[in-house]
Structures are given as C-alpha cells and as structure tokens.
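Engineer: The structure under discussion is supplied below as structure tokens; questions concerning it will follow.
Any read-out appearing in this document is the output of simple, stated calculations on the displayed coordinates, not a laboratory observation. Computed from a predicted model, the values in this text were never measured in an experiment. Using ideal geometry, Cβ is built from the backbone for each residue, glycine included, and neighbour counts are taken over all protein chains shown.
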Amino acid sequence: MCCYLLCPPTPNSITRKMAFHPPRKGKNYTIHLAEDPNEQIDNASKVVIFCQPNASDLGEYLQPCCANIPLMAELFDTDVYAFDYSGYGYSSGKPSEANIYADIRAVYEFVRKSRPDKKIVLLGFSLGTATVSDMAASRPEGLAGVVLVAPFTSGLRLIGDQPEKPTTCTLDRFNTYDKVGRIAVPLLVCHGNQDETIEVEHGLELARRARRAVPPLIIDGANHITIFNGKYMQTFTRIRRFLDEETNQSQESETNTNIRESAQEKVIM
C-alpha cells in the first residue's frame with residue numbers, strides 16, 4: 001500500500017488498472033465468420049468498424065437481448081465489422097495499449113482491401129473510443145467519420161477526475177485528449193449525463209477539442225451501460241443521422257484548423 005501511495009504510477013500499471021479486464025474464458029463463444037456477398041449491404045456507401053468496451057467480447061454483442069451487432073447493421077443500414085482485441089475472447093496475444101492499436105489497424109487494412117469502394121466510419125464505446133481515436137488521428141485513407149460513445153479524455157485524467165486538465169503527463173495512457181485535435185473527419189460524441197463510470201464532462205471536453213465535431217448527443221438519464229444497450233434508442237438514431245448526413249465531406253486539410261462552434265452545443269434528450 002505504501003508503495004502504491006508513494007511511487008508514481010508507471011505506464012504499464014496505469015494500463016492494467018484502468019483498462020484490461022478481459023471476460024473469463026468460460027463466458028466466451030467460438031465464432032466463425034464467413035464472408036457472404038449476398039448478406040452484405042452493397043447499396044450503402046459506408047461501412048462501420050465497431051470497437052467494443054472493456055470486459056466484453058464478440059459473444060456479448062451477438063446476444064438477442066441487447067443492442068447487438070446485427071441490430072446495429074439494421075439500424076445503421078450498413079455493414080458493421082467487429083473484432084476481439086488481443087487477449088480478449090479467443091483472440092491470441094496479450095491485452096495491451098499497443099496491441100489494441102495494432103488490432104484496429106489490422107482490421108482497418110482488411111476492410112479497406114476487401115471493400116475498397118466503401119468509406120469507413122469508426123465507432124467506439126468506452127475503451128473502444130481510445131482505440132478509434134488513435135486510428136483516426138493517423139488520418140487513414142478512406143475514413144469518413146468517427147463516433148465516440150461514452151469516451152474519456154485520457155487514463156490519468158479519468159483516474160484523477162480531471163477531464164479538462166490542459167497538460168498531459170508523460171506517463172499518461174489512452175490519450176484521446178491530445179489526439180482528438182488531429183482527427184480530420186466529422187466526429188460525433190454520445191454520452192449520458194448520469195454516467196458515473198466516465199463522467200459526461202469527458203465527452204463534452206473531447207467535443208470542444210475536436211476540429212470537426214458535430215453537435216454532441218447528451219442523453220438525460222443515461223448511464224455508462226444504458227447509453228448503448230438499447231434502452232435509449234436516441235443513441236442509434238443519432239448515429240444513423242450522422243452516417244447519412246454528416247459524413248459525406250472529405251477529410252479536412254492539414255492547414256485547416258477551424259473548429260466548428262456547433263461542437264460546443266449540448267443536445268439534451
């Protein structure tokens with residue numbers, strides 16, 4: 001206990017404490033996915049890559065009792081790609097910050113090669129928001145938009161309850177706070193104002209810092225679970241509108257640093 005109190009946290013310990021708690025193997029499912037062109041939504045101009053939260057795997061998002069991946073595809077009217085992080089589900093490897101970033105890059109490259117005619121929208125929930133933000137900050141070819149559901153600004157800002165802290169510690173991890181300003185495509189934040197796991201101020205701060213944020217969706221009464229489990233369908237209808245109406249512009253040029261004032265609006269539903 002004394003060591004914990006007197007010694008500053010190291011990057012690996014920060015990562016382990018706040019992020020990586022893969023579900024128990026006994027709770028997982030073996031999933032075999034085969035590409036079938038007849039089941040793809042070919043008339044859609046975009047596809048979605050979904051990055052899941054902590055302590056879950058693909059099995060959870062295939063259950064009929066929740067907002068699952070097939071339901072997302074139906075509601076968004078587009079194909080949705082999902083994957084398990086390294087060390088999650090039956091994916092090989094070990095969970096780490098570096099590995100989840102490598103995972104999303106591998107999936108993104110696969111989708112680009114297999115669906116070259118489609119634009120890609122990255123959708124992250126909780127821990128997944130750090131994953132998609134890191135990917136989007138690299139400005140990959142074909143990216144059309146980013147959706148952050150219940151995001152956090154960074155690991156230490158979350159632990160220290162300082163979502164708006166202007167300086168970043170070199171030991172910090174999952175640093176979306178500094179990355180979000182490098183994202184060159186439209187960005188939507190969805191958050192519940194009763195979220196006790198990641199307070200809504202984290203989402204609002206990221207919306208303020210984003211270069212091309214659209215008006216965020218802040219749902220009155222939603223918490224960290226109900227924001228995305230189907231209880232509040234406003235989340236999914238707002239994402240659908242974002243896909244249909246707000247992701248059709250090309251990436252912002254490197255020299256364009258204008259921040260849309262609408263990103264600072266609060267939308268309470």
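Engineer: Using a cut-off of 12 Å between beta-carbons, work out the net charge of the residues near Asp161 (Lys and Arg +1, Asp and Glu -1, Asp161 not included).
Structural biologist: Neighbourhood net charge equals -2.
Engineer: Would you calculate the separation in nanometres between label points at Tyr90 and Thr167, each defined as 7 Å from the Cα along the Cα-to-beta-carbon direction?
Structural biologist: 5.0 nm
Engineer: Same structure again: Which length gain, in nm to one decimal place, applies between Arg105 and Met233 when the Cα-Cα distance is subtracted from 0.36 nm times their residue separation?
Structural biologist: The span from Arg105 to Met233 would gain 43.1 nm if fully extended.
Engineer: Given the Cα atoms of the stretch 200-248, and with Rh set as the inverse mean 1/r over their pairs in the Kirkwood sense, what is Rg to Rh to two decimals?
Structural biologist: Over the Cα atoms of the stretch 200-248, Rg/Rh equals 0.98.
Engineer: Then there's this: Would you mind counting up the charge near Asp244? Only other residues with Cβ under 13 Å from its Cβ, with Lys and Arg at +1 and Asp and Glu at -1.
Structural biologist: Once all neighbours under 13 Å are counted, the net charge is +2.
Engineer: Residues with amide H under 5 Å of Val147's amide H, sequence separation 5 or more or different chain, H placed in the peptide plane at 1.01 Å from N; which?
Structural biologist: Leu122, Leu123, Gly124, Leu188
Engineer: Let me ask another. Less than 14 Å Cβ to Cβ from Met135, Lys/Arg counted +1 and Asp/Glu -1: what total charge do the surrounding residues give?
Structural biologist: 0
Engineer: Determine, for each peptide in 104-114, 203-213, 80-90, the mean count of other beta carbons within 10 angstrom over its residues, then list the peptides with the highest first.
Structural biologist: The most tightly packed comes first, giving 203-213, 80-90, 104-114.
Engineer: Further question on the same structure: Please give the peptides 174-184, 66-76 ranked by average Cβ packing (other Cβ atoms within 10 Å per residue), highest first, as a rough proxy for protection.
Structural biologist: Those peptides, ordered most packed to least, come out 174-184, 66-76.
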